[in-house]
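Undergrad: Got a structure for you, questions after.
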Amino acid sequence: MTTAAPPRLEHACEVALRPNDFDWAGHLNNSVYVQLLETGRWEWGRAHGGDLSEGTPVAVVLQLQLDYLKAVDWDPVGRLVVRTSLVERSAYSFTLAQDVERTDGTVVARGRVRLGLVDRDTKRIQRADLHTLLSLPKEDR
């Protein structure tokens, strides 16, 4: 059973672009968007009291959807904003919605990622108990 998550579990982070992030045509390489979403997810977890990349359990990607909306042209010192929010959760997974934006607020890509939690040592799936992993607000408990 999947339940809707409260929209308040949001976070935005700014990510610097590097010259090697751009392809020969002068556009941000499509593979870089996946890295931007990953950075946004780790920062989202840390902002809400948990580091889903360290310790046990760790978050693993179960499903990733990414829609490219607008090109990002060559800017070796540019920055993009990644907005991440919790949109769904179930017993063994949770889903984050993520937007990649220019600093003026223009959305250039939209992603959705479903994550599961795995014990780092045993490699076994764990229940997605976000209350234990994150510092969720009391009214959401």
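Coordinate-derived values only; no laboratory data. Bear in mind the structure is a predicted one, so any value in this text is a computation, not a measurement. For neighbour counting, all protein chains shown are included, and Cβ atoms are generated from backbone atoms with ideal geometry for every residue, glycine included.
Undergrad: Under the definition of Cα pairs under 8 Å and six or more residues apart, what whole-number percent is the relative contact order of the chain?
TA: 30 percent
Undergrad: Still on this structure, I have one more. Taking the 0 to 90 degree range and rounding to the nearest ten, how far is the long axis of helix 30-47 tilted relative to the main principal axis of the chain, both from C-alpha atoms?
TA: Its long axis makes an angle of about 40 degrees.
Undergrad: Now for a separate question. List the residues of region 10-33 whose backbone N lies under 14 Å from a point placed 7 Å from the Cα of L66 along the Cα-to-Cβ direction.
TA: Hits in region 10-33 for L66 at 14 Å: 21-23, 28-33.
Undergrad: Using θ = phi - 60° and the Karplus form 6.51 cos²θ - 1.76 cosθ + 1.60, what ³J(HN,Hα) does each residue of region 113-119 get, whole Hz, x for Gly and Pro?
TA: 10, 9, 10, x, 10, 10, 5
Undergrad: From the backbone phi of region 92-100, what are the Karplus-calculated ³J(HN,Hα) couplings (6.51 cos²θ - 1.76 cosθ + 1.60, θ = phi - 60°) in whole Hz, Gly and Pro given as x?
TA: Per-residue couplings from phi come out as 10, 7, 9, 10, 10, 9, 9, 10, 9 Hz.
Undergrad: How high is the FRET efficiency between K123 and D73 when r is their beta carbon distance and R₀ equals 41 Å, given to the nearest 0.05?
TA: 0.45
Undergrad: If you filter region 36-108 for trypsin sites (Lys or Arg not before Pro), then keep DSSP loop positions with at most 14 other Cβ within 10 Å, what is left?
TA: Listed in order of number, the matching sites are K70.
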